1. Loop sites only, by DSSP: take the GluC sites (Glu not before Pro) in the chain that have at most 12 other C-beta atoms within 10 Å and name the longest stretch containing none of them.
2. Using θ = phi - 60° and the Karplus form 6.51 cos²θ - 1.76 cosθ + 1.60, what ³J(HN,Hα) does each residue of segment 89-97 get, whole Hz, x for Gly and Pro?
3. Hey, any idea what the orientation-averaged projected area of the convex hull of the chain's Cα atoms comes to, in nm²?
4. Please report Rg (one decimal) and Dmax (integer) in Å for the Cα set of segment 58-142.
Amino acid sequence: MDLMPDDIRARLLANGAVPQETDHLPVVKYFDPCSAATWIITELTPAEAEGVEPDILFGLCDLGMGCPELGYVSLSELRSVTGRLGLGIERDLYFKARYPLSVYAHAADRRGRIVESDAALAESAAILGIAPVEESDPHESFTDGSNERG
């Protein structure tokens with residue numbers, strides 16, 4: 001599976017190039033199909049040298065041990081992981097962010113893991129005073145580059 005299609009790379013790099021701290025909408029979700037490890041990513045840090053491929057992602061990282069946190073992860077390390085069943089890290093093709101990253105982080109902190117339930121996210125959004133993003137255009141591309149759901 002391609003963890004970083006061109007459209008996702010472009011969105012992550014654009015977010016990573018913003019000079020001030022911004023509460024971005026998550027762009028992509030990665031997960032380990034053999035464990036509870038999950039990453040919700042908002043940014044790809046631009047390369048510091050010309051000709052060097054960007055590798056450092058920022059987002060909400062949860063290794064499945066009860067303490068999710070905002071932080072950095074290496075894309076090359078995610079690509080190198082092989083789980084117990086010989087499976088690698090996968091990209092959630094149907095992930096659609098409904099709130100900025102701070103809402104996902106707040107909900108994860110309250111529950112000890114990344115959550116995506118509408119109720120949990122709405123509760124955290126209400127506490128933080130953040131409204132959900134509006135429903136997107138049905139013709140918008142999904143994270144697999146298609147315009148279709150499954």
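1. That would be 51-133.
2. Couplings: 5, 10, 9, 6, 5, 10, 5, 9, 5 Hz.
3. That works out to 9.7 nm².
4. Looking at segment 58-142, its Cα Rg and Dmax stand at 14.7, 43 Å.
Each reported figure results from applying straightforward, stated rules to the coordinates on display, with no laboratory input. All values derive from a computational prediction rather than experimental measurement. For neighbour counting, all protein chains shown are included, and Cβ atoms are generated from backbone atoms with ideal geometry for every residue, glycine included.
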